[in-house]
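The values are calculated or read from the model by the stated rules, or taken from the named source; none is laboratory data. Worth saying up front: this structure is predicted, and the values here are computed from it rather than measured. Please note: Cβ atoms are built from the backbone with ideal geometry, for glycine as well, and neighbour counts cover all protein chains shown. The protein model used for the area step is the full one, side chains on, heavy atoms only, and it has no ligands, DNA or RNA in it. Shrake-Rupley method; radii C 1.70, N 1.55, O 1.52, S 1.80 Å.
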Amino acid sequence: MENRFTNMERRENLRGMSIALIGGIFWGLAGVFGQYLFEYKGTNARWLVSVRLIIAGLLLLSTVWIKQRDTFWKIWTRKRDVLTLLLFSVFGMAGCQLSYYTAVELSNAGTATVLQYTAPVMILAFEAVKDRRRPDNFEIAALIFALVGTFFLATHGNIQSMPISTDALIWGLMSAVMMAVYNLLPIRLMKEYGTFCVIGWGMFAGGIILSAFTHPWHVAGQWDLQAVGALAVVIVVGTVLSFSFYMEGVRMIGAAKASLLASAEPVTATIASVFMMHVAFAGMDLIGIIGILTAVLLLSAPGLKKAGR
């Protein structure tokens, strides 16, 4: 009987790990298909982000309406929560997506995604300052790897030579800052109203606010079946399904393991950029990518240890 339960637990753990991994892969594909729309179909980051946020927000909110109808509007009844939600919508959602896809537009999906993954180190630095504590050895090592990785990715080891544009580097690092905001700002709201409710409203409100400046009704680019298919991948696969799979993985195996498996996002974006978009990465790029991914793994290690791995 005990062996049977152990086998069942192992299968459930493996299933949870697979689901979280798929979520990370789906996230990585979103950037690559966005790059395809920029390079081959003439769209731009501002138009894509506003449309993505509105449609994906509506899709997520529809699931909230079906499953949590009693809390659907509740988040809008308290002034404090409304203010936090609007800040999250503007800086966490719209800001993170706009800066990320602008970095993709100026460079490529692999580089932009890896730069965005310096966010965990920024979160670490913020929390260390806030809690007035010295980072532990894992965290110090992660900070060093992230800085070295970013340096090699941006300069190829020569500070006088920038293989990516200054604008791409700035937007990529800005997306990391916004990703940190995205992770830190809505924690209290998600505990009270549920993750999908907060994310859904955050996406929808962020898209509506952004639309005042981007005017998504002025359709940009050349639209054919391939363009519509790529947009569907960005919105449905890269937003709704990726987030749903990842959160289900968190439920099944815990946040520590799930966040580690979500690191498949920059790996997927990098590999897909090479094979689908024919982006050429030099040896120094790979050193930078490995450095930043190592930082993410080091930050995940203490959580995995606590989770009993």
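Some observations on this one:
- Screening the chain for whole DSSP H helices of 15 Å or more along their axis (Cα) with average Kyte-Doolittle hydropathy at least -1.0 returns 2-41, 45-67, 95-106, 119-131, 137-155, 166-184, 195-214, 242-253, 264-276, 283-306.
- Considering only Val82, Ile25, Asn44, and ranking their Cα positions along the charge dipole of region 1-99 that arises from unit charges at the beta-carbon of Lys, Arg, Asp and Glu, the one farthest toward the positive end is Val82.
- Kirkwood-based Rg to Rh ratio, region 1-68, C-alpha trace: 1.23
- Full-extension gain in nm, His278 to Val228, via 0.36 nm per residue minus C-alpha separation: 15.9 nm
- Carbon plus sulfur fraction of accessible area for region 168-215, probe 1.4 Å, in percent: 77
- Annotation: per residue accessible area for region 121-211 equals 52 Å², rounded to a whole number [probe 1.4 Å, protein chains only].
- Pair Val82, Asn183: separation of 7 Å Cα→Cβ label points (nm): 3.1
- Helix-only mean residue ellipticity at 222 nm for the chain, each DSSP H run of n ≥ 4 adding -39500 (n - 2.57), per residue, nearest 500: -25000 deg cm²/dmol
- R0 of 41 Å, Cβ-Cβ distance Ile140-His218: FRET efficiency to nearest 0.05: 0.25
- Positive dipole terminus of the chain, leading residue within Ala154, Thr113, Ile140 (C-beta point charges): Ile140
- Residues within the reach of a label modelled at Asp70 (point 7 angstrom out along Cα to beta-carbon, backbone nitrogen below 19 Å), restricted to region 180-208, are 190-198.
- Under 18 Å from a label point set 7 Å out along the Cα-to-Cβ vector of Lys191, the amide N atoms of region 87-129 belong to 88, 127-128.
- Given in Å, the Rg to one decimal and the Dmax to the nearest whole number for the Cα atoms of region 147-300 are 18.1, 50.
- Under a Gaussian network description of the chain, with springs only between Cα atoms under 10 Å, the residue in Ile235, Ile144, Ile292 that fluctuates furthest is Ile144.
- Dimensions of region 62-177 along the principal axes, based on C-alpha atoms and rounded to the nearest Å, stand at 57, 38, 23, largest first.
- Packing, as the average of other Cβ atoms within 10 Å across residues, places the peptides 275-284, 205-214 in the order 205-214, 275-284, highest first.
- When the Cα convex hull of the chain is projected onto planes of every orientation, the mean area is 18.3 nm².
- Estimated FRET transfer efficiency when R0 is 25 angstrom, pair Phe91-Asp167 (beta carbons, to 0.05): 0.80
- Cα-only Debye scattering, region 29-110: base-10 log of I(q)/I(0) at q = 0.17, 0.22, 0.23 Å⁻¹: -0.77, -1.01, -1.05
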